[in-house]
Structures are given as C-alpha cells and as structure tokens.
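Participant: Quick one: this structure, given as structure tokens, is what I'll be asking you about.
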Amino acid sequence: MAPTSALSGSTDESARQILDAIESQFQLSNEALIEIVEKFLEDFTLGLGEYNHPMAMIPTFVTGVPNGKETGTFLALDLGGTNLRVCQVQLLGNHEFTLRQQKYRVSEALKTGEATALFDYLADSVDAFLTELPPSPTDAPADPFASSNSLELLEPTTDLNPALPLGITFSFPVEQTALNEGKILTWTKGFSARNAVGNDVVKLLQDAFDRKHLHVRCVALVNDTVGALLSRAYTAGGCILGSIFGTGTNGAYVEKVEKITKLGDAPARKRGGDMVVNCEWGAFNNTRTTLPTTPFDNKLDRESINPRLQAFEKFISGMYLGEITRNILLSLVDAAPKPLLFNGRASADLNKHYGLDTAVISEIEEAWETGRNGSIPESKQVHGSNSTQNAAVLTNGTSTKSAPHFTEVDKLSAEDKSRLERIRNIIIQRLNIDAADVSLRDAAIVRWAASLVATRAAKLSGSAVAAILVQTERAKLGGGLVPTEEKIIIGVDGSLIEHYPNFNAQLRACVRGLVGEEVEKRIDLGLAKDGSGVGAALCALQATKQGH
C-alpha cells in the first residue's frame, strides 16, 4: 500500500499555508475576469483602428460565411511543417461534406532551397493527389449560386470547364492584403526557402500551377482559426466565432466592417457589411498588466523562445499548461526547510524543460474524474475568489467548510483514495519517479496543481469568448438582456476543448458569470474540425462568392 504522508517533517499547518499561498495566486474572481474582458475590448478597438498592434485584429477579407446549403468541389493545401496536406472537399448542400486527403513529406532540401523548387513541389503534390484520387463523376466545380445569402454573387460564368478553386492554409507570418493576396514576412519552423520573403504566397503557388499546366486556381489564403469558423458555419448553418484551444490559441469572429477603421478608404470598407477578423489573441496583454501572472508563469516566459510575447497563449494553451504545473511541483520539491513533495527528489523527466506534458496532467484529471458522482459544481467555477478551493474541487464537491483539506488523505473515502492511487501510478509511470517517493498525499498535491492551472486556463478562455460576445453586441458585460433570441453559434477546436476533463464546462461557466445565464444558454458551442483543411476549402468557396 502507498504511504499516505510525505510532508517530510513539515507540520500540516505550515504545508497548508504554502499550498494556500500558491493557490491564491491562481484564483480569478468574477471582478478580475470582468477587468480582463474590459482589457480585451480595449485592445480589440485599438487593433481594429491601427496596424502593428499586439492584438493584430487582422482583416481577412472574408465577407460572409457559408450556410450549409452550398454545393461543389473545392481543394485545400495545408503547409505548416514537416508534411503538407492536400484535401478535396465535396460540399453536399445539406450541412455535410465528404473529405479526401493525402499527406506529402517536405524534405529539408526543399525547406532551405529555392522558393521556386518548394512551390513546384506543392504543385506536383496537388497534381499527384488529383491523379491518385480523381473527382468522381458526381463531383462538380464550385457553384457559388447554389444557395442564397447576404453576399452579392457573381454573374454566372460561361466557362464550361472552370478551374478547381483551392484555398491554402499557410502557417507562416504573412501580411494579408486581400483574400487572395499575402506577402510572406518571414519563415519559421525550420523553413528558409530563398527568394520567398516579401513575395505574394498566392502568386508563388499560382505560378507553379501554371508552370505545371494544372487546371487549379488558388483563390484564398487562409488562417486555420478562420477555417474553424467557416467549418462550423457550414455544418451548423452559421457561426459568429471560431476559436482554437489546443497547442496554441486564437479566435476569429464576424465583425461589422464599419468598426475596422484601419481599412481607411479601402474598397472593402466602402462596401460595408461584415468581415471575418483574425484576432491573434494569443498576444493579448503582452505587458501582463491585467493577466494574473505568478512566479511560475514568469519562469516559463523567461525560459521560453519568445519572452514577453504571446502572453495570453502562455496562460491557456496546451503547449504550456504542463510546464506551468511542472514549475509548481518543483517549487514544492525544493521547499525549505522541508520538501513538500516526493521526499524532495525529482526524476530526470521532471527536471527536464517541458518534461511534464499537458497530456499527462489531462490523464491525471481523467483518472480523478472517472467514476465520480457528479462533477465540479459549476457555481464554484466562476463566482468568488475561492472558485477552485482545494477541498470543494478536489474531494467530493461539497462546501469547503465541511470537507477535509485535500492533503488530509486519511479522512478521504475509500473511493477517493482509490482514485488517488490511480494518479499515483500515473506519476510513477509517466514521470519515472521512484514509487517509494510518491505517497497518496503527493498524488493529491499533483492533482491539485494540475487543477489550478487548467481551471485558470478555462476561465481565461471563457473571458475571451465573453469579450467577443460583448464586442459583437450579443451580450452585456455583467449580464443584462440583449433584445434578441438569436442562437449564438461558436466553433471550437483543439485538444483542450475536445479532451481535457471539464474544460468545456468551466469555460461555459465563466461565460455565464460574465454575461449572464440568458445569453450563455443560447450559445451553441460545437467542434469545428480541421480548420486548416476543410476550412481552407470553405474559404475557397467564399472566394468564389466574392469574385476571386
């Protein structure tokens, strides 16, 4: 049987004081969340009014979203790493689509050679894909006139064999100036192809298609978050926000063009209507004047490859939650005069930078939640300064006045001890810590730390969603009725929202606390899968509607 105590001489009271001091730094009262939303709204306005603001608020020149009735066949090209992906999406017109896809490896020589060779390879891959997976007889080129919407559609073409429209998801920094134009600013992720920076990525690709005599036309340059919005819009009949809560985080939403004042006298602004805006909210509050920064966050930022940048992303994305948790655990291993965790010993894995993957803390949460009666009380997830109070969240969901402190393992039920035993085994296996150094109390502390970090991330994610609702005049901050019964359709994607236990529920609870139950219950929040593939094809659909 695992030992139940590993406080190594520290009194329970002194240990609790240390743990409670850490916990207090991760608490977010509703008042603090309101302040964060207000800062979001301020940064939205600044980003919509001027270029080169940290909250970039990038105009995408997508001026409408699909309604699910459109039909046609569209291609997508997704380039962002070691592999590129070619997709063929057939829209069926009933909110459903079929997807064919193939991955192709990008060699190091192509990544670092001439841009012409790289883009020729992209064109060759599309050619190979179309040869291997030719359109079926029922496939047809895009028909942007298949359904009505608010967009002004093109006059019907007389071309009996129009080129297949393609959207490209290009996951590198780009200055986008039109739906089908974007200048490459720099390469990242190991790419350094020569004579590409400063050139239009769409033209580079189209020139390659033309050299290969491919009957394909690149009509749209796409961001994966915009793609998530479009993907959700097609399957749900509309969407006002696409958001990513995974390895990274971002949001794209439908904004009134009149609010995008930095467009100046551009034709897009003169036409009015709506436009999808890519927030790039991972860079929100890089100064950290509003975000609830702790020493554990500061350590992560200082040791990161991009210090003082992407602040919001470092608080909530899956890439970082495990590392923040690891920083907490090591502070307890190193606590003086007596260690509070693992008998003061850490494994090589725990000592390694990013040695605790967010997937492991998700597994720990899952081990705790499996078989529990009920889940975290939603009222505990938003209101008050003690919303993740250790006993309420970590034991049986009852009031902290009657529940034992989470370190009082001896007072827990046999069922809860069994869950802690599962967590103990995960710690031993995943972090390679000696079993003799991992007690049930250690397991409770690890789960507590993971919960602190993830709960804060879910609340901050909820604050971003709430800010969009207020920005688009679908809600009032602090609650209050907005004169509409409109269903609010939101598309989400990413490992946290899809797999992390209770993340979705905590996000929604935060939104409810910020804008009221009447608004929150009208939110239809659903998965928008494959924004970089299906979403890019749907952006090609929108491009055909807009005349590209």
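Participant: Quick check, is Ala32 surrounded by 15 or more Cβ atoms within 10 Å (Cβ to Cβ), of a type in the set (Gly, Ala, Ser) and assigned to a helix (DSSP H, G or I)?
Facilitator: Taking the combined requirement at face value, the residue satisfies it.
Participant: Looking only at strands (runs of 3 or more DSSP E) that fall completely inside region 207-263, which ones have 2 or more residues that are β-branched (Val, Ile, Thr)?
Facilitator: 216-222, 249-256
Participant: Restricting to region 268-288, name every residue that is in contact (Cβ under 8 Å) with a residue 40 or more places away in the chain, part of a loop (DSSP other than H, G, I, E, B) and closer than 19 Å to Lys39 by Cβ.
Facilitator: So in region 268-288, the residues in contact (Cβ under 8 Å) with a residue 40 or more places away in the chain come out as 268, 271, 273-281, 283-286.
If we keep only those that are part of a loop (DSSP other than H, G, I, E, B) as well, we get 273, 279-280, 284-286.
Listed by number, the residues that qualify are Cys279, Glu280, Phe284, Asn285, Asn286.
Participant: Name the single residue, out of those in region 458-490 being among the hydroxyl-bearing types (Ser, Thr, Tyr) and surrounded by 22 or more Cβ atoms within 10 Å (Cβ to Cβ), that is farthest from Phe503 (Cα to Cα).
Facilitator: Among those that are among the hydroxyl-bearing types (Ser, Thr, Tyr) and surrounded by 22 or more Cβ atoms within 10 Å (Cβ to Cβ), it is Ser463.
Participant: Take the residues in region 35-44 that are surrounded by fewer than 17 Cβ atoms within 10 Å (Cβ to Cβ) and touching a residue at least 24 places away in the same chain (Cβ under 8 Å), then tell me which one is farthest from Ile468 (Cα to Cα).
Facilitator: Checked region 35-44; the qualifying residue farthest from Ile468 (Cα to Cα) is Glu35.
Participant: Just a yes or no: is a residue in region 328-350 without any contact (Cβ under 8 Å) to a residue 12 or more places away in the chain and part of a helix (DSSP H, G or I)?
Facilitator: No, that holds for no residue.
Participant: Right, something else. Report yes if some residue within region 202-215 is within 26 Å of the chain's Cα centre (by Cα) and aromatic (Phe, Trp, Tyr); otherwise report no.
Facilitator: No: region 202-215 contains no residue that is within 26 Å of the chain's Cα centre (by Cα) and aromatic (Phe, Trp, Tyr).
Participant: Being charged (D, E, K, R) and either farther than 19 Å from Cys539 by Cβ or assigned to a helix (DSSP H, G or I) (or both) is the filter here; which residues of region 76-124 pass it? Talk me through it step by step, then tell me what you get.
Facilitator: Initial filter on region 76-124 (charged (D, E, K, R)): 78, 85, 96, 100, 103, 105, 108, 111, 114, 120, 124.
Selection gives Lys103, Arg105, Glu108, Lys111, Glu114, Asp120, Asp124.
Participant: Being of a type in the set (Gly, Ala, Ser) and either at pLDDT below 95 or in a loop (DSSP other than H, G, I, E, B) (or both) is the filter here; which residues of region 491-525 pass it?
Facilitator: Matches in region 491-525: Gly494, Ser495, Gly516.
Participant: Let me ask you something else. Looking at region 427-482 only, could you name the residues that are assigned to a helix (DSSP H, G or I) and of a type in the set (D, E, K, R)?
Facilitator: Across region 427-482, the qualifying residues are Arg430, Asp437, Arg441, Asp442, Arg447, Arg456, Lys459.
The values are calculated or read from the model by the stated rules, or taken from the named source; none is laboratory data. On a predicted model such as this, the values are computed, not experimentally measured, just so you know. Every residue, glycine as well, gets a Cβ built from its backbone with ideal geometry; the counts of neighbours run over all protein chains shown.
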